[in-house]
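Asker: Mind having a look at this structure? Questions to follow.
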């Protein structure tokens, strides 16, 4: 847990430093008050300082109820999450080209068949059902302008 | 009398088939997300928000509010039947609710939680009117300096009360505020942190951030291990508590309602803290406190009343001050702005029809919920039997549709996915997302009021402390900082001593 806190503090310190540097590109003060660079600069300073204190704090005494158990799951579960994200990224990548409804079919079928181990017929069935549901509710009833893709569906 | 007349006007606005339908739909979705672990009201409201863009603000807000308090009703179901809280606000209900279910009194626990929630919802809404109307008149005196100080105080409150670790909450809040600086700045109209990405000109959409952090992030946490839920079956005829049961809980419900409302009205405190506090107090005043944790019916009635009253209380800062006190109200505040309304005390004067219709809908929503919950809980509970592997693709798809519909652009989907990954790691490392979302909404408001206050005072910083209301708010904020610092120091000392021992 402490390792995770340290990493988060370090990321925040970096982010704070980056905010301070980037804020220099904008005017700090105008005639009557703060300029566009004012808030980012001070946010950078505050974030950097809090992160520094938090980082130093991770080296002090162990807290009550604190365990050394890793927060992240094993590689198997992480791989599963990675695959879900990959399938979602694929959805975002292909939805304009293939059309929303077809992408939903592929998304659901792949998730169920590859990740969840559902048999192919059942996966295809749920793929079709989800696509039909999305079509009826969101395209037909709510008239949302979802991408139609090459096939026009 | 004025308020009563306005409320009646509000009822006349709500009692149309469409508005009633939206209230019922909100109650249904709210109960459903409350029951299903892994998806909260903030993400649900954000997901459904883009789908309401075609309609008026009133029915849309009626639905969003109903989702919020409906989730509080539904949250108890999983706590009682599965020992897994559907909502963080229902964690404490597992203590006695699940024990009651194991003793064969699960139906009674569900029934008393619905009855308690109903009374708390009604009491909370009456209190909302009693507090909100005078408060909104008082806050009409607020200028930019007062708003700046109020936002500072509200932010500190959210940070100090909200998360487990103050430093993590602070960092989360500051990152949210930094995200709020992206886009065209409010002072000179200069693009900040845009890096030639045209979509960033409009800033980072808080709706996309909420869907990512609380929607995708939660799904990833739940999907990481194949979730299996075993429920305790309840029959419809077992759902009605006896008159003696209800009578036994009368003070628990009342105490829970009062505590819940006031805690809920504090920015950052919210329904979770309200339910824990109400449970603690109930145990403290009980003649036989040893019954608690072993299936005491008051141990269910009190926290369930508190979390429902807290959801009414959460509307006080939103409606009277125009600042959100939680993630869900932050989404609603943003929604109001998207509908072209200006949240804050002026709302009571510029859009009284809207405000009173929303308040009136809370009374009607609570009535719908008690009728929906008591007879239909076994049916809702059946939803828990749907395997998670079929449920999470549906949640992910609704998130994608919600993000895409914001501006019919895949860009928002990508941003949501990125925040989904952040949300997963934040959840895993106990970094609260609430302060980030609230700060993302409040950041631009803070900057705008800071600039206006300084412009009006010709750059005089003393304006923040010399104006009485602003000075008082900043003094409260300063006291909060000192108290929390001392408390943190004392805790550290105790921990070091513990380590030395």
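Asker: Just need a number here: residues in the range B:166-225 that are surrounded by fewer than 19 Cβ atoms within 10 Å (Cβ to Cβ), in a loop (DSSP other than H, G, I, E, B) and away from chain A (no Cβ under 12 Å).
Answerer: So the count comes out to 2.
Asker: More than 7 Å from every other protein chain (Cβ to nearest Cβ), modelled with pLDDT under 95 and crowded, with 20+ Cβ neighbours inside 10 Å: does that describe residue A:113? Before the answer, list the steps.
Answerer: Working: more than 7 Å from every other protein chain (Cβ to nearest Cβ): yes; modelled with pLDDT under 95: yes; crowded, with 20+ Cβ neighbours inside 10 Å: no.
So residue A:113 fails the test.
Asker: Is it the case that the range B:447-460 has a residue that's crowded, with 18+ Cβ neighbours inside 10 Å, over 18 Å from residue B:36 (Cα atoms), free of Cβ contacts under 8 Å to residues at least 12 places away in the same chain and facing chain A (nearest Cβ under 9 Å)? It would help to see each step written out before you state the result.
Answerer: Going through the range B:447-460, the residues crowded, with 18+ Cβ neighbours inside 10 Å turn out to be B:447, B:449-454, B:457.
Subset that is over 18 Å from residue B:36 (Cα atoms): B:447, B:449-454, B:457.
Checking which are free of Cβ contacts under 8 Å to residues at least 12 places away in the same chain leaves us with B:454.
Of the ones still in play, those that are also facing chain A (nearest Cβ under 9 Å) are B:454.
Checking the range B:447-460: at least one residue is crowded, with 18+ Cβ neighbours inside 10 Å, over 18 Å from residue B:36 (Cα atoms), free of Cβ contacts under 8 Å to residues at least 12 places away in the same chain and facing chain A (nearest Cβ under 9 Å).
Asker: A further question on this structure: Is it the case that residue A:98 is surrounded by 19 or more Cβ atoms within 10 Å (Cβ to Cβ), farther than 17 Å from residue B:399 by Cβ and in the same structural domain as residue A:80 (by TED's automatic domain parsing)? First the steps, then the outcome.
Answerer: Numbers: surrounded by 19 or more Cβ atoms within 10 Å (Cβ to Cβ): yes; farther than 17 Å from residue B:399 by Cβ: yes; in the same structural domain as residue A:80 (by TED's automatic domain parsing): yes.
Criteria met by residue A:98.
Asker: While we're looking at this one, here's another question. (1) crowded, with 21+ Cβ neighbours inside 10 Å; (2) over 19 Å from the mean Cα position of the chain (by Cα): which one isn't true of residue B:140, the others all being true?
Answerer: Residue B:140 satisfies all of (1) crowded, with 21+ Cβ neighbours inside 10 Å; (2) over 19 Å from the mean Cα position of the chain (by Cα) except (1).
Asker: What is the one condition in (1) without any contact (Cβ under 8 Å) to a residue 60 or more places away in the chain; (2) more than 9 Å from every other protein chain (Cβ to nearest Cβ); (3) part of a helix (DSSP H, G or I) that residue B:381 does not satisfy?
Answerer: (1)
Asker: Further question on the same structure: Test each condition in (1) closer than 15 Å to residue B:336 by Cα; (2) at pLDDT 90 or above for residue B:17 and report the one that comes out false.
Answerer: Exception for residue B:17: condition (1).
Asker: Can you pull out every residue in the range B:38-58 that is in contact with a helix residue (DSSP H, G or I) (Cβ under 8 Å, 6 or more places away or on another chain), more than 14 Å from chain A (Cβ to nearest Cβ) and modelled with pLDDT of 80 or more?
Answerer: B:41, B:42, B:43, B:44, B:45, B:46, B:57, B:58 - these are the residues of the range B:38-58 that are in contact with a helix residue (DSSP H, G or I) (Cβ under 8 Å, 6 or more places away or on another chain), more than 14 Å from chain A (Cβ to nearest Cβ) and modelled with pLDDT of 80 or more.
Asker: Tally time: how many residues in the range B:274-296 are out of contact with any helix residue (DSSP H, G or I) (no Cβ under 6 Å at 6 or more places or on another chain) and in contact (Cβ under 8 Å) with a residue 60 or more places away in the chain? Don't jump to the end; show me each part of the working.
Answerer: In the first step, residues of the range B:274-296 are kept if they are out of contact with any helix residue (DSSP H, G or I) (no Cβ under 6 Å at 6 or more places or on another chain); the result is B:276, B:280-281, B:284-288, B:290-291.
This time we only want the ones that are in contact (Cβ under 8 Å) with a residue 60 or more places away in the chain, so: B:276.
Result for the range B:274-296: 1.
Asker: Quick one: in the range A:132-148, of everything that is surrounded by 13 or more Cβ atoms within 10 Å (Cβ to Cβ) and more than 18 Å from residue B:403 (Cα to Cα), which residue is nearest to the other protein chains (Cβ to nearest Cβ)? Full working, then the answer.
Answerer: Of the residues in the range A:132-148, the ones surrounded by 13 or more Cβ atoms within 10 Å (Cβ to Cβ) are A:132-135, A:137-139, A:142, A:144, A:146-148.
So of that shortlist, the ones also more than 18 Å from residue B:403 (Cα to Cα) come out as A:132-133.
Numbers: A:132: 13, A:133: 9 Å.
Across the range A:132-148, the extreme among qualifying residues is A:133.
Asker: Would you mind stating whether residue B:104 is over 17 Å from residue B:380 (Cα atoms), modelled with pLDDT of 80 or more and not in a helix (DSSP H, G or I)?
Answerer: yes
Asker: For residue B:371, all conditions in the list (1) within 14 Å of chain A (Cβ to nearest Cβ); (2) at pLDDT 85 or above; (3) more than 29 Å from residue B:186 (Cα to Cα) hold save one; what is the number of the exception?
Answerer: Here residue B:371 meets the rest and fails (1).
Asker: In the range A:16-37, which residues are touching a residue at least 12 places away in the same chain (Cβ under 8 Å) and within 9 Å of chain B (Cβ to nearest Cβ)?
Answerer: A:16, A:19, A:22, A:23, A:25, A:26, A:37
Asker: Scanning the range B:408-438 for residues that are in contact (Cβ under 8 Å) with a residue 40 or more places away in the chain and within 25 Å of residue A:148 (Cα to Cα), which turns out nearest to the other protein chains (Cβ to nearest Cβ)?
Answerer: Among those that are in contact (Cβ under 8 Å) with a residue 40 or more places away in the chain and within 25 Å of residue A:148 (Cα to Cα), it is B:417.
Asker: Then there is this: Hey, could you check the range B:479-501 for residues that are more than 9 Å from chain A (Cβ to nearest Cβ) and surrounded by 14 or more Cβ atoms within 10 Å (Cβ to Cβ) and say which is modelled with the lowest pLDDT?
Answerer: In this case the residue turns out to be B:488.
Asker: Could you check the range B:86-99 and list, in sequence order, the residues that are over 20 Å from residue B:376 (Cβ atoms) and surrounded by 24 or more Cβ atoms within 10 Å (Cβ to Cβ)?
Answerer: First, the residues of the range B:86-99 that are over 20 Å from residue B:376 (Cβ atoms): B:88-89, B:91-92, B:94-96, B:98-99.
Across the range B:86-99, the qualifying residues are B:89, B:92, B:96.
Asker: Given the conditions (1) within 16 Å of residue B:393 (Cβ to Cβ); (2) in contact (Cβ under 8 Å) with a residue 40 or more places away in the chain, and given that residue A:153 satisfies all but one, which numbered condition is not satisfied?
Answerer: Looking at each condition in turn, residue A:153 falls short on (1).
Asker: Could you tell me whether the range B:354-377 includes any residue that is out of contact with any helix residue (DSSP H, G or I) (no Cβ under 6 Å at 6 or more places or on another chain) and not in a helix (DSSP H, G or I)?
Answerer: no
Asker: Could you tell me how many of the residues in the range A:1-42 are in a loop (DSSP other than H, G, I, E, B) and crowded, with 18+ Cβ neighbours inside 10 Å?
Answerer: Within the range A:1-42, the subset in a loop (DSSP other than H, G, I, E, B) is A:1, A:24-28, A:30-33, A:35-37.
Those left that are additionally crowded, with 18+ Cβ neighbours inside 10 Å: A:26, A:33, A:35-37.
So the answer is 5.
Asker: Can you tell me which residue within the range B:374-397, out of those that are surrounded by 21 or more Cβ atoms within 10 Å (Cβ to Cβ) and either modelled with pLDDT of 85 or more or under 27 Å from residue B:323 (Cα atoms) (or both), is farthest from the chain's Cα centre (by Cα)?
Answerer: B:393
Asker: Hey, another quick one. Of the residues that make up the range B:467-476, is at least one modelled with pLDDT of 85 or more, out of contact with any helix residue (DSSP H, G or I) (no Cβ under 9 Å at 6 or more places or on another chain) and within 19 Å of residue B:166 (Cβ to Cβ)?
Answerer: Looking for residues that are modelled with pLDDT of 85 or more, out of contact with any helix residue (DSSP H, G or I) (no Cβ under 9 Å at 6 or more places or on another chain) and within 19 Å of residue B:166 (Cβ to Cβ), one finds none in the range B:467-476, hence no.
Asker: Return yes or no: is residue B:444 in contact with a strand residue (DSSP E or B) (Cβ under 9 Å, 6 or more places away or on another chain) and either modelled with pLDDT of 90 or more or more than 9 Å from chain A (Cβ to nearest Cβ) (or both)? Break it down into steps so the answer makes sense when it comes.
Answerer: Numbers: in contact with a strand residue (DSSP E or B) (Cβ under 9 Å, 6 or more places away or on another chain): yes; either modelled with pLDDT of 90 or more or more than 9 Å from chain A (Cβ to nearest Cβ) (or both): yes.
Taking the combined requirement at face value, the residue satisfies it.
Asker: Would you point out which residue out of B:145, B:114 is within 30 Å of residue B:475 (Cα to Cα), crowded, with 20+ Cβ neighbours inside 10 Å and in contact with a helix residue (DSSP H, G or I) (Cβ under 7 Å, 6 or more places away or on another chain)? Steps first, answer last, please.
Answerer: Details: B:114 fails: within 30 Å of residue B:475 (Cα to Cα).
Only one candidate passes the filter, namely B:145.
The values are calculated or read from the model by the stated rules, or taken from the named source; none is laboratory data. All values derive from a computational prediction rather than experimental measurement. Here the Cβ is made from the backbone with ideal geometry for all residues, glycine too, and neighbour counts use every protein chain on show.
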